[in-house]
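Below is one structure, written out as structure tokens; comments come after it.
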Amino acid sequence: QTRLLEGAYLTIAAVDLFEINRELHETIVGWSKNRFYLDALKRSNDLRRLIEYSKVLETNKIDAFAIEHIEILDAIAARDMVMAEKLVLRHLQGARETKT
């Protein structure tokens, strides 16, 4: 995510960008040890893949998403799950608004 903020998104394919973020999301959800959440996310990602590959997000959105991902990871690393939850909810709402 840090490399994305530093401009790596300018040189990687949309497919690779999607996969980087898919892996991050599935890793974070996998830490919950809730297989139902992980299965739901994987199914959602399968649907998102169709949409994401066909369009390119504005670069300022990529920056914003990378910042949000880092904030979520920092909260998890600090074991502040209440903050992590708030950040995830904010991230999901923002992504929904951006992509719909």
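The values are calculated or read from the model by the stated rules, or taken from the named source; none is laboratory data. Owing to the predicted nature of the structure, the values given are computational and were not obtained by experimental measurement. Here the Cβ positions follow ideal geometry from the backbone for every residue, glycine too, while neighbour counts run over all protein chains shown. Protein only, heavy atoms only, side chains kept; ligands, DNA and RNA dropped before computing areas. Shrake-Rupley method; radii C 1.70, N 1.55, O 1.52, S 1.80 Å.
Under the condition of being more than 13 Å from the chain's Cα centre (by Cα) and in contact (Cβ under 8 Å) with a residue 12 or more places away in the chain, which residue from the range 3-47 is nearest to F65 (Cα to Cα)? Among those that are more than 13 Å from the chain's Cα centre (by Cα) and in contact (Cβ under 8 Å) with a residue 12 or more places away in the chain, it is L5. Of the residues making up the range 12-61, just one is more than 14 Å from A95 (Cβ to Cβ), among the basic types (K, R) and at pLDDT below 85, namely R49. Taking residues in the range 76-100 that are under 17 Å from T27 (Cβ atoms), and partners anywhere that are open to solvent by 50 Å² or more (accessible area, probe 1.4 Å), the pairs with Cβ atoms closer than 7 Å and at least 6 places apart or on different chains are L87/E71.
Considering only the range 1-11, how many residues are modelled with pLDDT of 85 or more and surrounded by 13 or more Cβ atoms within 10 Å (Cβ to Cβ)? The total comes to 4.
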